[in-house]
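Structure, as structure tokens:
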Amino acid sequence: MTTHSGKGAMVAALTALCMALPANAQSQADLITPVEDELTFVFIPKVIHPWYDVVREGGQFAVDELAESGIKIEMIWDQPPTADVADQNRRIETNIGRQPDGLAVACLDQATNSQLLREAKEAGVNVYTFNSFCDEEFPFVGQRDSYGDGYDLGEYLAEHLGGKGEIGILAGSLTATDHVERIKGFKDALKEHPEMKIVFEQPDNDVLEEAVTLTENALQAHPDIAGFFGSNASNPIGAARAVKNAGKTGEVAIVGMDDLPEAVDFVCDGTITALKAQRQWDIGYWAVRYMVAMNQNHTYPMDHNTGSRLITQDDCGE
Amino acid sequence: MTNNIQASAANDRGNRGGKAILARFWKWEASGILVALIVLGLALSLATDNFMSSYNMSVVARQAAFVGLVALGQTLVLLVGGIDLSVGAAAGLSAIVGSIALTQWGIHPWLIIPFTMLFGFGLGALNGVFVAGLRLNPFIVTLATWEIFAGLTLVITKGYPIRPLGEAFTVFGQGELFGIPLPVLIFGLAAICLIWVLSQTRLGRNIFAVGGNRDAAILAGIRVKAIEFLAFGLAGMFAALAGILFASRMDAGQPSVGEGWLMGAITAAILGGTSLRGGQGSIVGTVLGALLLAVLANGTVLMNVSGFWQRVIVGAVVLVAVLVDLLRRKS
């Protein structure tokens, strides 16, 4: 009896222990760190550019939204005046010393940026990358499939031109991976159309004026040129200005990236044939949200693909 | 009474001594920049939390070191009355060639820096041949070679970085000795060597003489062409040293290395009191100039100054420094 009662007591005690274990173990909610102090997030884009103004708007929206739930954020934008790798790296280094709660970088140069972002992580800074993919080891929010954008625009242009004609490429910055990948995708798409020939390819370094000059030169050197591909947000505008000034609107097709207001105007007046627009507002919004998540010890995605959409004259009525 | 007179005389002597020291300091070409550097440093340490942190100090010193090394070479060229616009591109091309030598030609990591410096000397010597040998305008010659060097860098790399360079080599750019980054120590060592050469050797005196009055230097029997050739060669060599150290720092031979260094190098030298007409300047001034530029760039970021305004501020500081220099010369 005693034995039974002892066994019973032991079973009861074990059962109680088993039932109590989940309650005594750390609750998953306890893994979350509350944010009490103001957070400082530094964004370092590739260059001062209107494209990033929209990213900033998205980020500011998230900041305002979070303020309503009691999370205060100071969002600092440290923007290099020109797309200069050394300048951007200097800013990354300096901002590591500031010890922000989040450092978001649009990589201008994968190799050297990655080295400094590694140092930022080692210094205990939460690192996020946005817009331009850097390395698998850093979380990224943006349009990862730059190759796909280039390929889609190549296909669209080929279809528009009936699969033939001379083509010019405005190559952007030779060290920016997203530009390089888009060009690769564009060229691969054209390979399917043997009667399309690339006769011109020059880097404009993401400078609009250079894109205008290059397009003017290309129009002179290749009077039969049928279309241009712009690998970034500036150069379709540059190409459009040059084509319009030359009185060739509608005769020379232009495809390119992003939806800056002037580019969209050129789509609507028929100078630009199609644009592939990234959702940069979303990039800013989620970058802020994810850096807050990092500070709260939440999980966050290593790769958030914000995608892109095609804009043509059909969208102008909207 | 006698004691009072003696005390008053001692005070006068003290005042005169103080004034003499001040006057001598004011005469020194880098006096303005030193004062500016101290004032700026104090202001930033009061205005920001992070400026004086050891991490930030090492960042500032390292940033000053790369541009500073290029500026040392530029100072030599300015001292002989020339100018070298190709230094930034020479740094980039040298860094790429050095990176290729390391990763593809199998040269030992410890020999890469001297190899690259030699290559850089060759690039600078090319400028020297045209400027000293053929008496062509240095501005035009180096403008042309700038384009050639920058173009060759892209031809070789097609825009892609050369990496990884390996730990045995990256130690030179990433390592520290007594808590001081190695590039900073190398910069300091290079500056000390040049200070010694310029102040203690005949070569140094000849460099000043050639820049001060080329015709008089020829009449004095100085081998002017050899001095000019050497100055351009050394400018290329220091640029190459900066480039390869930067590659080591970043673990990548990056095609865009050195793009922004030209303006910084010339500005640092001018801020430090080096005359664009040659024959006047100092290495200490150039070092202080490079430090001031690095502090300024660092400070504008820490103070959250908009990128639009940063260039305006740097330009304004240079203008003020030049005006102060003008006042100093007139006085």
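Considering only residues in segment B:101-126 that are assigned to a helix (DSSP H, G or I) and among the polar types (S, T, N, Q), the one that is nearest to B:Ala226 (Cα to Cα) turns out to be B:Thr116.
For the residues B:Thr286, B:Thr300, the requirement of being within 30 Å of B:Phe25 (Cβ to Cβ), buried (at least 19 other Cβ atoms within 10 Å of the Cβ) and either touching a Cys at 6+ places or on another chain (Cβ under 9 Å) or within 12 Å of chain A (Cβ to nearest Cβ) (or both) singles out B:Thr300. Please go through (1) in contact (Cβ under 8 Å) with a residue 12 or more places away in the chain; (2) farther than 25 Å from A:Gln280 by Cβ for A:Thr215 and return the number of the only condition it doesn't satisfy. Answer for A:Thr215: the failing condition is (2).
Take the conditions of a type in the set (Gly, Ala, Ser) and touching a strand residue (DSSP E or B) at 6+ places or on another chain (Cβ under 6 Å) and apply them to B:Ser31. Does it pass? Lay out the reasoning, then the answer.
Working: of a type in the set (Gly, Ala, Ser): yes; touching a strand residue (DSSP E or B) at 6+ places or on another chain (Cβ under 6 Å): no.
For B:Ser31, the condition - of a type in the set (Gly, Ala, Ser) and touching a strand residue (DSSP E or B) at 6+ places or on another chain (Cβ under 6 Å) - is not met.
Within segment A:52-69, not a single residue is out of contact with any strand residue (DSSP E or B) (no Cβ under 7 Å at 6 or more places or on another chain), at positive phi, modelled with pLDDT of 90 or more and more than 11 Å from every other protein chain (Cβ to nearest Cβ). Taken over segment A:104-118, the criterion of being part of a helix (DSSP H, G or I) and in contact (Cβ under 8 Å) with a residue 24 or more places away in the chain is satisfied by A:Gln110, A:Thr112, A:Asn113, A:Ser114, A:Leu116, A:Leu117. Residues in segment A:255-268 that are touching a strand residue (DSSP E or B) at 6+ places or on another chain (Cβ under 7 Å) and in a loop (DSSP other than H, G, I, E, B): A:Asp258, A:Asp259. Taking the criterion of being more than 9 Å from every other protein chain (Cβ to nearest Cβ), buried (at least 24 other Cβ atoms within 10 Å of the Cβ) and more than 30 Å from B:Leu42 (Cβ to Cβ), would at least one residue in segment B:264-271 satisfy it? Within segment B:264-271, none of the residues are more than 9 Å from every other protein chain (Cβ to nearest Cβ), buried (at least 24 other Cβ atoms within 10 Å of the Cβ) and more than 30 Å from B:Leu42 (Cβ to Cβ). Scanning segment A:212-227 for residues that are surrounded by 23 or more Cβ atoms within 10 Å (Cβ to Cβ) and under 24 Å from the mean Cα position of the chain (by Cα) turns up nothing.
Considering (1) surrounded by 15 or more Cβ atoms within 10 Å (Cβ to Cβ); (2) of a type in the set (A, V, I, L, M); (3) not in a helix (DSSP H, G or I), the lone condition that B:Leu276 does not fulfil carries the number (1). Working only within segment A:79-91, note down all residues that are more than 7 Å from chain B (Cβ to nearest Cβ) and surrounded by fewer than 23 Cβ atoms within 10 Å (Cβ to Cβ). Matches in segment A:79-91: A:Thr82 only. Residue count for segment A:165-189 satisfying the condition of being away from chain B (no Cβ under 14 Å), in a helix (DSSP H, G or I) and buried (at least 24 other Cβ atoms within 10 Å of the Cβ): 1. For segment A:134-149, filtering for residues that are modelled with pLDDT of 95 or more and either farther than 29 Å from A:Ser231 by Cα or within 14 Å of another protein chain (Cβ to nearest Cβ) (or both) leaves 0.
Being part of a helix (DSSP H, G or I) and either among the hydroxyl-bearing types (Ser, Thr, Tyr) or more than 18 Å from B:Leu69 (Cα to Cα) (or both) is the filter here, so list the residues in segment B:183-203 that pass it.
B:Ser199, B:Gln200, B:Arg202, B:Leu203
The criterion of being under 24 Å from B:Lys158 (Cβ atoms), more than 14 Å from chain A (Cβ to nearest Cβ) and either in contact (Cβ under 8 Å) with a residue 12 or more places away in the chain or among the aliphatic types (A, V, I, L, M) (or both) holds for B:Ala240. Summed over segment A:190-213, residues that are in a loop (DSSP other than H, G, I, E, B) and hydrophobic (A, V, I, L, M, F, W, C) total 1. Taking first residues from segment B:146-169 that are more than 9 Å from every other protein chain (Cβ to nearest Cβ) and closer than 19 Å to A:Cys134 by Cα and partners that are surrounded by 13 or more Cβ atoms within 10 Å (Cβ to Cβ) and of a type in the set (A, V, I, L, M), the Cβ contacts under 9 Å between residues at least 6 apart in sequence or on separate chains come to B:Leu165/B:Leu102; B:Leu165/B:Ile112; B:Leu165/B:Ala247; B:Leu165/B:Met250; B:Leu165/B:Ala252. When each of B:Ile222, B:Ile218 is tested for being free of Cβ contacts under 8 Å to residues at least 40 places away in the same chain and not in a helix (DSSP H, G or I), the lone residue that passes is B:Ile222.
As for segment A:139-153, it holds no residue that is in a helix (DSSP H, G or I) and touching a Cys at 6+ places or on another chain (Cβ under 8 Å). In segment B:149-182, the residue that is surrounded by the fewest Cβ atoms within 10 Å (Cβ to Cβ) out of those that are touching a Ser or Thr at 6+ places or on another chain (Cβ under 8 Å) and assigned to a helix (DSSP H, G or I) is B:Val171.
Pairing residues of segment B:309-326 that are charged (D, E, K, R) with residues that are buried (at least 16 other Cβ atoms within 10 Å of the Cβ) and assigned to a helix (DSSP H, G or I), at Cβ distances under 9 Å and at least 6 apart in sequence or on separate chains, gives B:Asp325/B:Gly32; B:Asp325/B:Ile33; B:Asp325/B:Ile270; B:Asp325/B:Leu271.
For every residue, the table says whether it meets (1) of a type in the set (Gly, Ala, Ser); (2) not assigned by TED's automatic domain parsing to the domain that holds A:Phe229.
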{"position": "A:Asp135", "(1), (2)": "no, yes"}
{"position": "A:Gly150", "(1), (2)": "yes, no"}
{"position": "A:Leu153", "(1), (2)": "no, no"}
{"position": "A:Glu159", "(1), (2)": "no, no"}
{"position": "A:Ile167", "(1), (2)": "no, no"}
{"position": "A:His179", "(1), (2)": "no, no"}
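With respect to the conditions (1) more than 19 Å from B:Val87 (Cβ to Cβ); (2) without any contact (Cβ under 8 Å) to a residue 40 or more places away in the chain, B:Asn137 falls short on a single one, namely (1). Can you name the residue in segment B:31-63 that is assigned to a loop (DSSP other than H, G, I, E, B) and at pLDDT 85 or above and, of all such residues, is nearest to the other protein chains (Cβ to nearest Cβ)? Checking each candidate, the answer is B:Ser53.
Determine whether A:Val243 is more than 24 Å from the chain's Cα centre (by Cα), modelled with pLDDT of 95 or more and either assigned to a helix (DSSP H, G or I) or within 27 Å of B:Ser256 (Cα to Cα) (or both).
Numbers: more than 24 Å from the chain's Cα centre (by Cα): yes; modelled with pLDDT of 95 or more: yes; either assigned to a helix (DSSP H, G or I) or within 27 Å of B:Ser256 (Cα to Cα) (or both): yes.
Here the answer is yes, as A:Val243 does meet what is asked.
So in segment A:119-133, with the set limited to residues that are assigned to a loop (DSSP other than H, G, I, E, B) and either of a type in the set (Ser, Thr, Tyr) or away from chain B (no Cβ under 13 Å) (or both), which one is surrounded by the most Cβ atoms within 10 Å (Cβ to Cβ)? If you could, list the steps in order and put the result at the bottom.
First, pick out the residues of segment A:119-133 that are assigned to a loop (DSSP other than H, G, I, E, B): A:123-126, A:131-133.
Next, only the ones that are either of a type in the set (Ser, Thr, Tyr) or away from chain B (no Cβ under 13 Å) (or both) stay: A:126, A:131-133.
Values: A:Asn126: 21, A:Asn131: 28, A:Ser132: 24, A:Phe133: 21.
It comes out as A:Asn131.
The values are calculated or read from the model by the stated rules, or taken from the named source; none is laboratory data. Everything numeric in this text was worked out from a predicted model, so none of it was measured. So basically every Cβ, Gly included, is an ideal-geometry build from the backbone, and we count neighbours across all protein chains shown.
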